[in-house]
Number of protein chains: 2
Amino acid sequence: MKLPVLRNFPAGSLDDAMVRALEEAAARCRRNAVTMVTLADSGHPAGSLSSTEMYLTVYGVADLTPENCSGLDRDYVSVSHGHTSPGAYAALAEWGFFPAMEAIAHFRRCGSPFQGHVERDVPGIDWGSGNLGQGLSAGVGFALAQKARGNGKRTYVLMGDGGQTKGQSAEARRIAVKENLANITALVDWNNIQISGTLETVMPADIPALWKADGWNVLECDGHSFRELYAALRLSASCDRPTVILCRTVMGRGVSFMENTPEFHGKAPRTELYVQAMKELGGDPSLLDEARKLRESAPVPAGRHVEPARADLDLGEPVTYGTDKKTDNRSAFGTALADIGEKNYESEGRTPLLVFDCDLAGSVKTGDFAKKCPDWFIQAGIQEHSTATAAGAASTAGVVSLWADFGVFGLSEAYNQQRLNDINSANLKTVLTHVGLDVGEDGKTHQAIDYVGLLRNTFGWKLVVPGDPNQTDRATRWALGEAGCVCIAMGRSKLGVLADEKGDPLFGGEYRFRYGEAVRVRPGKDGAIFALGAMTERAVKARDILRENHGMEVAVYCVSSPLVPDDEALREAAGTGRILTCEDHSVNSGMGSILAARMTELGLSASFRAVGVHTYGESGSSPDVISAMGLDEVSLAKVFESLPGK
Amino acid sequence: MKLPVLRNFPAGSLDDAMVRALEEAAARCRRNAVTMVTLADSGHPAGSLSSTEMYLTVYGVADLTPENCSGLDRDYVSVSHGHTSPGAYAALAEWGFFPAMEAIAHFRRCGSPFQGHVERDVPGIDWGSGNLGQGLSAGVGFALAQKARGNGKRTYVLMGDGGQTKGQSAEARRIAVKENLANITALVDWNNIQISGTLETVMPADIPALWKADGWNVLECDGHSFRELYAALRLSASCDRPTVILCRTVMGRGVSFMENTPEFHGKAPRTELYVQAMKELGGDPSLLDEARKLRESAPVPAGRHVEPARADLDLGEPVTYGTDKKTDNRSAFGTALADIGEKNYESEGRTPLLVFDCDLAGSVKTGDFAKKCPDWFIQAGIQEHSTATAAGAASTAGVVSLWADFGVFGLSEAYNQQRLNDINSANLKTVLTHVGLDVGEDGKTHQAIDYVGLLRNTFGWKLVVPGDPNQTDRATRWALGEAGCVCIAMGRSKLGVLADEKGDPLFGGEYRFRYGEAVRVRPGKDGAIFALGAMTERAVKARDILRENHGMEVAVYCVSSPLVPDDEALREAAGTGRILTCEDHSVNSGMGSILAARMTELGLSASFRAVGVHTYGESGSSPDVISAMGLDEVSLAKVFESLPGK
């Protein structure tokens, strides 16, 4: 049985034959969804039944097919209520993305792409979700990418009603309106039931009023009527602003004991209840046994392998800052970014580079880029959660995204969004400024002393903490050419340019950034200091003090890839018998703890001491705050002296 | 010059003398605010001038005085736009909280309580803020605590307009309406300017519509008119629902070159500009020199020392689960919580215990508590950011708060809110369920494999990962009696009760939970396994395999306080020559890395291997997912075998 093709919005409404075919497909979807949940004895049946017609219509209308779904210039679908995955899988199977039986048999089975919450490993799924409130932001990211690519394509977002109260959704609504994303249509499965009861009892919200207050075009329809859904989708395509379709639905639709009750939100119908459900849905309960046999005998299907996108950008030539002048890493980053922007903006065939800002462009130095590449600059307001997700999703849809923000906003505040970007194989560059204690006088709420500790939890994020403006320039160019999520973190202050022993710029000339390399800035046989990023300047000064006062020759290493211990450097340093690590980062979770743990793994021993931030910091000038924490060169030298030698 | 007393809402409007005195105070405040910013050469003058009358009126009206400000049964004031601290400090000084000159001279100076963003060290400041969007949630927490204490007191929240777009604020609005918090009044400084320009250019938002959509009573007034502010505050006090007062103000009010421009949002007026500002504000620029002398000569003032509140709760008697039956830690927690709730609810003089839920009570096992203590149960909906802050703030205002949620929602999603709770010396208990790989079939977006890695960034949070239901029961009772922020993390599955070598419950009978202790479950001379929480059961089985297959005697330690290495246990284990750590947590950031780093610090050596989660996990049953990650007992035994001995 072949479904009618709804794509490209044929004029007029659906004819009777189409509607009949869709209704039959919907019944099949419901049976398949219920069966997969029962077989796995786990999952969310009632919401899947509620969203069935929405899924079928959206995947039918969208220019998203088994053939084009791994490409870029096509429609995107973001599923926000990822727990209704049985509904999504069933509908995708109807539209030919994979055989329905694959999803039924291998749902929620270890190693299968058909995870409990939708993931990109399944063809047709554009964003892995399940943590509620993310889907609209992801959709905004897709729509921004489509706009930047100028391909005239559209984004659809399917959402539950319980997640409407997540603040992040409101942020996404505003970005969509501000950026004139007429190419986005959201659909809300408005069944009025969430896990703990009705919306009214759990958390009342006037859903139409919320969307209207943010300026969306609001439509309502019967979410179980293909004709109404189709008409609303047609209408939304011709609207000059973002549209939401509030779909009135029935939780558990089609299975009497699931209808209008929260009980089967996340519970499988077993034995007699399964049989009853299948009967009510016009199907044969033997489907379960058939699927069970397959689950027990067949290997799990492989799923689609999703990799971070590679970009086509001219990364320009590195700039070398001389040792005669101080420059802040922020400005070095901003200059490199504007240079790259200029080289690619309006150049044929380049990947668009979207730079996101949360009302801090002046401080994070993306203002020059904004002037040179106005159409690539997205002002997203003070809305970090949605910005993180939108920027991440855009980076999977044919643009490179870069989001620059203060450390506490770009990562501490948006940590989960950045974790989900990683899970979604995004290609996002996050530039964190004002990290460590080097935030000026803003005080402890603004000191990002956890960025190493946060990103070391993830498996994909690369983290670069440049030692000086020259390394910042090179790391920026490297990051924009590197596939995957990369974070570059830097403080606020102007820094001296790091010099080699001859006095030439250490990271100038032919130096190219290599991820994972700890650069030995000074040699030494009496011990070694590992310094995180811009702390290197102080470590070199501490070394000079130790030489002057004690005649010690202490090696200094600049660690700019703290998540990846440089084993060779560590072995070399351990050979000196004494190791000090220093960082303006929480000493509990930062570079020092990573190096110390690695030493145990490698079986290396040496007198060891990690110094760093050991309590929430003061509000004062950066040098004062650094000193108060015992991280100035004199304190470093003193701690080093106290380490017993070989 | 003494200010008239506005407290307790005297009938009628302000008389002329009062208004004159307030206007003089406002002029002083403006001069003091500008002077402190100029002296520190850092800070936010224009927003401070914009909020001056709001600060003066609110602190004048609130039942919050230098005398009662460290007590509990009084009005609370939450400042959301914490960067306008000069305005807050200047107003507090007018109302006698401290001499104005203290704030002027020591603003943004290392060691001073007068940080760049408001902190609780300053008397009159109830919540440290600056990360925008938190203040209304904190205010909701205070108002909930006041309601639970039944003291008839009121909460005021001062907010900027730029932060109105943060989604967290919308979440807080909904909680306030649902909980009928008629005792909260919010004031928005609606000057229409944020850092990058006007609200309309940065991120348009229909501010009145947003508040109305969420059901608040919305008033508007001239935010520079004491009469209008006072009348609006009076009106809000008699309203039967939460009220917001949208205060029309002028950015930089009173200083011509600052008015209606974003330029001085975060910049100090220097030299001639300072002199001009003082002239326009009717003051003498010599104030700057006077303050500078003090800054250079006087020690920084000490500030107020804020400690987490201690609670008065009957913690009941521990329950011992027998070894004959499996129980999940979640149920053991829920049973203990309901027991404690029942013992204290409706008992005279007990500290109220508020339990917060985000639509997951059934899964996180707070349903029994909700039934037994309905007035202490807060259903906050799917709004984790606001819930985290509200629960944290409530816990500083005379209640104990407990928030139970899935690991990814209670911590990964709300990490920054939990960091700020710690900075604010909150007394919040966060119970994370479904942590590690033990989430059932929900898949990678729902696997909290980062909770150790997240909390090790902080300095105050204590983290407990109980080994079995008995330890969970005892840890729950301990946590509710322990001052400060405590997190208890547990998986989803039913577990066997851990037994000692005689077969009796290991954590039964007289055992009491001691934070920081790694309990040796089995002795051994040929090596040691450290297991995180519920992984202990598998470690003991791996030990049995090693004994059976190789005749090895391997010690097993149950680590339930992973943030605090037990040095004694570590020394003892290192003496055996071989250490294996195992956890269903990211191996990059978890217990293994903490123990490995500690070994280097202590100069201990042994063959060492940490096993844990090394990639995002699969979606399957917990045992399948654990096995797929190489964390079942057979895999553990195999890895142990591969460790070279002494």
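Compute the acute angle (0 to 90°) between the alpha-carbon long axis of helix B:85-94 and the principal axis of greatest extent of the alpha-carbon atoms of chain B; round to the nearest 10°. In chain B, helix B:85-94 runs at an angle near 60 degrees to the longest axis. Using a 7 Å projection from Cα along Cα-to-Cβ, the label point at A:D284 is separated from the same position in the remaining copies by 10.0 nm, smallest value first. For the rotation that carries chain A onto chain B, the axis lies closest to a Cβ at A:G167, 1, where the number is the distance in whole Å.
Stokes-Einstein diffusion for the range A:17-297, with the hydrodynamic radius set to the Kirkwood value over Cα pairs and evaluated at 25 °C in a medium of 0.890 mPa s, equals 132 µm²/s. For chain B, the solvent-accessible area works out to 31 Å² per residue, with a probe of 1.4 Å and every protein chain left in place. Placing unit charges on the Cβ atoms only, positive for Lys and Arg and negative for Asp and Glu, gives the protein assembly as shown a dipole magnitude near 600 debye about its Cα centre.
Loop-located trypsin sites (Lys or Arg not before Pro) across the range B:313-404 with a Cβ neighbour count of 14 or fewer within 10 Å are B:K325, B:K326, with loop assigned by DSSP. Taking every protein chain into account, the 1.4 Å probe leaves A:M629 with about 20 Å² of accessible area, to the nearest ten.
Stretching A:T615 away from A:N260 to a fully extended chain increases their span by 122.7 nm, per 0.36 nm per residue minus the current alpha-carbon distance.
The percentage of C-alpha pairs in the range A:239-332 whose separation is greater than 20 Å is 71%. For the range A:518-641, the Cα gyration tensor yields ellipsoid semi-axes of 21, 18, 12 Å (square root of five times each eigenvalue, largest first, whole Å).
Ratio of alpha-carbon Rg to the 2.2 N^0.38 Å globular estimate for the range B:111-150, to two decimals, please. Against the empirical 2.2 N^0.38 Å value, I get 1.34 for the range B:111-150.
For the range B:280-348, the percent of C-alpha pairs falling in each 10 Å distance bin, counted from 0 to the bin holding the largest distance, reads 14, 21, 16, 10, 8, 16, 11, 4, 0.
In the range B:17-297, Cα pairs under 8 Å separated by at least six residues give a relative contact order of 24 percent. Working from label points 7 Å from Cα in the Cα-to-Cβ sense, the B:E548 to A:V19 distance is 6.5 nm. Going from the chain on its own to the full set of protein chains, the range B:168-207 has these residues losing 40 Å² or more of accessible surface (heavy atoms, 1.4 Å probe, no ligands, DNA or RNA): B:R174, B:K178, B:I195, B:S196, B:V202, B:M203.
The alpha-carbon atoms of the range B:326-496 define a convex hull whose volume equals 99 cubic angstrom per residue.
Note on the range B:432-480: Cα-only Rg and Dmax are 12.4, 34 Å. Using the Karplus relation 6.51 cos²θ - 1.76 cosθ + 1.60 with θ = phi - 60°, the per-residue 3J(HN,Hα) values for the range A:431-444 come to 9, 9, 9, 6, 9, x, 8, 8, 10, x, 8, 5, x, 5 Hz, with x marking Gly and Pro. For the chain pair B and A, the interface hides roughly 7800 square angstrom of accessible area in total, found with a 1.4 Å probe. Per-residue mean of foreign Cβ neighbours for A:432-440 is 1 (Cβ atoms of other chains, 10 Å radius). The listed residues B:S225, A:S586 rank as B:S225, A:S586 when sorted by accessible area, largest first, using a 1.4 Å probe. By DSSP, what percent of the beta bridges with both residues in the protein assembly as shown are antiparallel, rounded to the nearest 5? So the antiparallel bridges amount to about 15 percent of the total. Rounded to the nearest whole angstrom, the semi-axes of the ellipsoid equivalent to chain A, taken from the Cα gyration tensor as √(5λ), stand at 52, 26, 21, largest first.
Remark on the range B:150-167: accessible area falls by at least 30 square angstrom from chain-alone to full-complex state for B:T165, B:K166, B:G167, probe 1.4 angstrom. Subtracting the Cα-Cα distance of B:R248 and B:N68 from their residue separation scaled by 0.36 nm leaves 61.7 nm. Placing B:D75, A:D240, B:D222 in order of accessible area, with the largest value first and a 1.4 Å probe, yields A:D240, B:D222, B:D75.
Within the full protein context, the accessible area of A:E67 is estimated at about 150 Å² for a probe radius of 1.4 Å. Other protein chain C-beta atoms within 10 Å of residue C-beta, averaged over B:622-631: 1.
Its convex hull of Cα atoms gives the range A:401-551 a direction-averaged projected area, equal to a quarter of the hull surface, of 10.1 nm².
Sorting B:D284, B:D468 by accessible area puts them as B:D284, B:D468; the probe is 1.4 Å, largest comes first, and only protein heavy atoms count.
When each copy gets a label point 7 Å from Cα toward the beta-carbon at B:G645, what are the spacings between them in nm, shortest first? Distances to the matching label points in the other copies: 3.9 nm.
Across chain B, Cα pairs under 8 Å and at least six residues apart give a relative contact order of 11 percent.
The value of relative contact order for the range B:518-641, using C-alpha pairs under 8 Å at least six residues apart, is 28 percent. Counting only other chain Cβ atoms within 10 Å of each residue's Cβ, the peptide A:348-359 averages 2.
Relative to the longest principal axis of the Cα atoms of chain A, the long axis of helix A:286-297 makes an angle of roughly 30 degrees. Of the solvent-accessible surface of the protein assembly as shown, computed with a 1.4 Å probe and all protein chains present, 47% belongs to carbon and sulfur. Dividing the alpha-carbon radius of gyration of the range B:410-449 by the rule-of-thumb value 2.2 N^0.38 Å gives 1.36. With a Förster radius of 30 Å applied to the C-beta separation of B:R241 and B:L3, the computed FRET efficiency comes to 0.45.
Note on B:F406: accessible area is roughly 20 Å² with a 1.4 Å probe, heavy atoms of protein only.
Restricting the count to DSSP beta bridges whose residues both fall in the range A:326-496, what percent are antiparallel, rounded to a multiple of 5? Just about 10 percent of them are antiparallel. Helix A:167-178 and the long axis of chain A differ in direction by around 90°, with both axes built from C-alpha atoms. Semi-axes of the equivalent ellipsoid for the protein assembly as shown, computed as √(5λ) from the eigenvalues of its C-alpha gyration tensor and ordered from largest down, come to 44, 39, 33 Å. Distances from B:V319 to itself in the other copies, using label points 7 Å out along the Cα-Cβ axis, amount to 6.5 nm in increasing order.
At an R0 of 35 angstrom, the distance between the Cβ atoms of B:K502 and B:S642 translates into a FRET efficiency of 0.65.
Using DSSP, restrict attention to beta bridges with both residues in the range A:518-641 and report what percent are antiparallel, rounded to the nearest 5. For the range A:518-641, the DSSP antiparallel bridge percentage is about 20.
The values are calculated or read from the model by the stated rules, or taken from the named source; none is laboratory data. Everything quoted here is computed from the prediction, not taken from an experiment. Here Cβ is always computed from backbone atoms with ideal geometry, including for glycine, and neighbour counts include all displayed protein chains. Side chains are part of the model used for accessible areas, which takes the heavy atoms of the whole protein and leaves out ligands, DNA and RNA. Shrake-Rupley method; radii C 1.70, N 1.55, O 1.52, S 1.80 Å.
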